[in-house]
Structures are given as C-alpha cells and as structure tokens.
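Below is one structure; the comments refer to it alone.
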Amino acid sequence: MAKHIIHKADTRGYADHDWLKSYHTFSFAGYFNPERVHFGMLRVLNDDYVAAGMGFGAHPHENMEIVSIPLEGKLAHKDSTGSEGIIQKGEIQFMSAGTGVTHSEMNGSATEAVKFLQIWIIPNKMNITPRYGQMEYAVSDNEIKTLIQPETTEGTLRLQQNAWFKMAKFDAGKETSITVEDPKNNGIYLFLLNGSIEVNGNQLETRDAIGIWETENVTIKTNDKSEFLVIEVPMNQN
C-alpha cells in the first residue's frame, strides 16, 4: 500500500533578506526541522524571489545535482567551468557540481524580480567531472512533459541520479495518472505550482506538496486549472 507525506505551503521554512525571499520545503541554511531534511535523494526545494539586479554571488558546491526552474523573470548563471546562460520561464538548467565548481546565480534583469525553484538532488556517484546544461521546453494543456531523465535523450536533460523531473499543466475537471518509472526503488514528490488538485484523494492547494512511495502509479484530479512539478527520486542511496 502506498505511503505518503504532505507538506502544506504554510509549514515551509521562510527567510526574508529583503532582496531575497525564500521558502524552504526542506531544512536549509537557518531553517532546520529534523522531520524535514529530505525526501529520498531530494535534498532541497527552495521557492525563491530575488529582487532586480541582485542575486547569489560566486560560491562553491561539490557533489550535488542542482536544478533551477524560473517561474517569472530571468535568471543568469555563470560558473568556473566557463558555462554561462540566461534562462526564463519555459527553460530549465542543471549543474552537476561533482568534484567542485564555483558559480553565481543572479537576477538577469535590472528592473524586474525573478522567481524560481532551486532544487538539489543527491547524486549516485561522487566526484564526477562537473557538467552544466540548459534547455527550453513547452508543456501543452493536459500534458505531463518529461524534462529530466537518467538517460541522455533528445529533448531532455540528464542528472547523475536515477531521477525524473516532469512538468504538468491541466485544465479543471481532468483526471490523470502518473506512472512511477522505478517503483521498486523510487518515490515521487509532487509540488503544486498553482491551482487545486487531489492526489490519491489528498487535497492540495497552491504551493502544497506531497511525497508518495511504495506504489506504481498516482492518481490526480484537478479542481481548478493547475500546474505542477513531479520529481521522481530513489528513496535510498544505492
């Protein structure tokens, strides 16, 4: 029988640094909750707002898979491997920090704020050569679109982990199901960007999330027009 955990939007950690406002689904920086450290290999899911002209200056990472998904505005990336780029809604980027990389994530606009999701995945192999990638994507109405998967395939990115990222957009009154790609080892974490949905009978509102594991599929019903992110990760390190 499927197991699940619900994380309501108003139970997240919160940090307000004026130029940066960040909601932390899992323990991060000054926010620590021993019951909210990770979901399987999903370690960080930050819902960030960065004021115009501001951002995270150059800082180091190692042995972590870092994914950024803009929701509004522009995000500018630059790292010590020479990779750089600007992404906006409808684009996604990843960085495999591996043996170590220094990078910056800045607001790409001097006049408008940027809102984005910063997501960290624990890799299944340490000390790899750092990698960077970004791509555009488009999600049609009533579609679940795969953005990241373990194998290199045209139209998707690849992390150093047995993980999938899928973005979905559905009209009100729809019912769909998500098949877990590796049900023996993985669980899925669904983060509702906007709207109102039921997941296996559990009601979620904007910015709520649910983690589900020990199941082969998940049923979703939309009460309103909704957009959500699905992250599938191993529940334990192999």
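The values are calculated or read from the model by the stated rules, or taken from the named source; none is laboratory data. The model shown is predicted, which means the values in this text are computed figures rather than measured ones. Reconstructed Cβ throughout: ideal geometry from the backbone, glycine too, with neighbour counts over all protein chains shown. All accessible areas refer to the heavy atoms of the entire protein, side chains included, with ligands and DNA or RNA removed. Shrake-Rupley method; radii C 1.70, N 1.55, O 1.52, S 1.80 Å.
The table below lists the values:
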read-out: Those residues of the stretch 26-67 which are over 22 Å from LYS115 (Cβ atoms), open to solvent by 50 Å² or more (accessible area, probe 1.4 Å) and part of a loop (DSSP other than H, G, I, E, B), in sequence order; value: PHE32, PRO34, GLU35, HIS38, GLU62
read-out: Residues of the stretch 78-109 classified as closer than 15 Å to TRP120 by Cα and either in a strand (DSSP E or B) or touching a Gly at 6+ places or on another chain (Cβ under 7 Å) (or both), total; value: 8
read-out: Cβ-Cβ under 6 Å pairs, at least 6 apart or on other chains, the stretch 215-238 side among the polar types (S, T, N, Q), far side surrounded by 19 or more Cβ atoms within 10 Å (Cβ to Cβ) and in a strand (DSSP E or B); value: THR222/PHE170; THR222/ILE197; SER226/PHE170; SER226/ILE197
read-out: Test: residue in the stretch 163-185 that is touching a Pro at 6+ places or on another chain (Cβ under 8 Å), open to solvent by less than 40 Å² (accessible area, probe 1.4 Å) and under 20 Å from ILE66 (Cβ atoms); value: yes
read-out: Subset of the stretch 202-220 [under 18 Å from LEU45 (Cα atoms) and open to solvent by less than 30 Å² (accessible area, probe 1.4 Å)]; value: LEU204, ASP208, ALA209, ILE210, GLY211, ILE212
read-out: Residue in the stretch 149-159 that is farther than 13 Å from GLU232 by Cβ, among the acidic types (Asp, Glu), within 19 Å of the chain's Cα centre (by Cα) and open to solvent by less than 10 Å² (accessible area, probe 1.4 Å) present; value: no
read-out: Condition broken by THR152, with the remaining ones in (1) within 23 Å of GLY90 (Cα to Cα); (2) in contact (Cβ under 8 Å) with a residue 12 or more places away in the chain satisfied; value: (2)
